[in-house]
1. Can you say whether GLU22 is over 9 Å from ALA88 (Cβ atoms) and crowded, with 17+ Cβ neighbours inside 10 Å, as far as the supplied structure shows?
2. If you scan the range 96-123, which residues turn out to be over 20 Å from VAL52 (Cα atoms) and either among the hydrophobic types (A, V, I, L, M, F, W, C) or crowded, with 19+ Cβ neighbours inside 10 Å (or both)?
3. Tell me, yes or no, whether the range 91-98 has at least one residue that is under 19 Å from PHE59 (Cα atoms) and assigned to a strand (DSSP E or B).
4. Let me spell it out: the conditions are (1) free of Cβ contacts under 8 Å to residues at least 12 places away in the same chain; (2) surrounded by 12 or more Cβ atoms within 10 Å (Cβ to Cβ); (3) more than 27 Å from ALA140 (Cα to Cα), and ALA2 meets all of them except one. Which number is the exception?
5. Could you say which residue among ALA93, ALA88 is aliphatic (A, V, I, L, M), closer than 20 Å to LEU6 by Cα and buried (at least 21 other Cβ atoms within 10 Å of the Cβ)?
6. Just to check your reading of the model, which residue among ILE87, ILE8 is under 25 Å from ARG128 (Cβ atoms) and touching a residue at least 40 places away in the same chain (Cβ under 8 Å)?
7. Would you check if CYS133 is modelled with pLDDT of 95 or more, assigned to a loop (DSSP other than H, G, I, E, B) and surrounded by 14 or more Cβ atoms within 10 Å (Cβ to Cβ)?
8. Can you name the residue in the range 64-76 that is of a type outside the set (Gly, Ala, Ser) and without any contact (Cβ under 8 Å) to a residue 60 or more places away in the chain and, of all such residues, is farthest from ILE13 (Cα to Cα)?
Amino acid sequence: MAYSDLEILARIIKCEAGGEGENGMKAVASVVMNRVNVTYGEYSRYKTVRAVVFQPRQFVCAMETVGGEYNAQNIYNMSLEQIHWDIAEWAMAGHRLTNLGTALWFFNPYSPECRTYFPTKVGVFAIRIGDHCFYNPTDAYADT
């Protein structure tokens with residue numbers, strides 16, 4: 001698809017956090033943009049929203065198949081509303097949620113607890129927003 005970076009960001013916001021309220025959507029947008037802008041570690045190789053979102057095995061919503069089955073909840077099937085465009089523009093303009101830090105990861109643990117480290121010891125728990133736990137890079141991330 002020939003989506004712009006703005007549209008890709010709006011679509012990943014809707015797909016990953018559409019039911020998480022405005023702060024949840026802003027948090028997901030912040031993670032994507034933090035990855036675009038990080039200057040060290042693994043993600044420093046991915047300098048555009050497109051590259052970050054479509055990096056293999058990073059966002060389930062960017063995959064058309066999961067476990068060999070069609071993934072109906074993917075960015076191509078999202079019907080965007082104005083709020084998704086607004087949050088994408090907000091994030092691309094350099095805004096971030098201040099309580100999020102420099103988070104590079106998030107996931108839904110499907111439980112009330114957020115584990116201390118994610119995905120390994122390169123990310124440490126920062127904050128929970130809605131159903132998602134957000135993680136800031138540790139010093140070990142620089143070696144990825």
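1. Considered against the rule, which asks whether it is over 9 Å from ALA88 (Cβ atoms) and crowded, with 17+ Cβ neighbours inside 10 Å, GLU22 comes out as no.
2. Correct list: CYS114 only.
3. The answer is no, given that none of the residues of the range 91-98 is under 19 Å from PHE59 (Cα atoms) and assigned to a strand (DSSP E or B).
4. Unmet condition: (2).
5. Only one candidate qualifies: ALA88.
6. Residue meeting the stated conditions: ILE87.
7. no
8. By that ranking, first place goes to GLU69.
The values are calculated or read from the model by the stated rules, or taken from the named source; none is laboratory data. This one's a predicted model, so the numbers in the text were calculated from it and none came from an experiment. Positions of Cβ are backbone-derived with ideal geometry, glycine not excepted, and every protein chain shown enters the neighbour counts.
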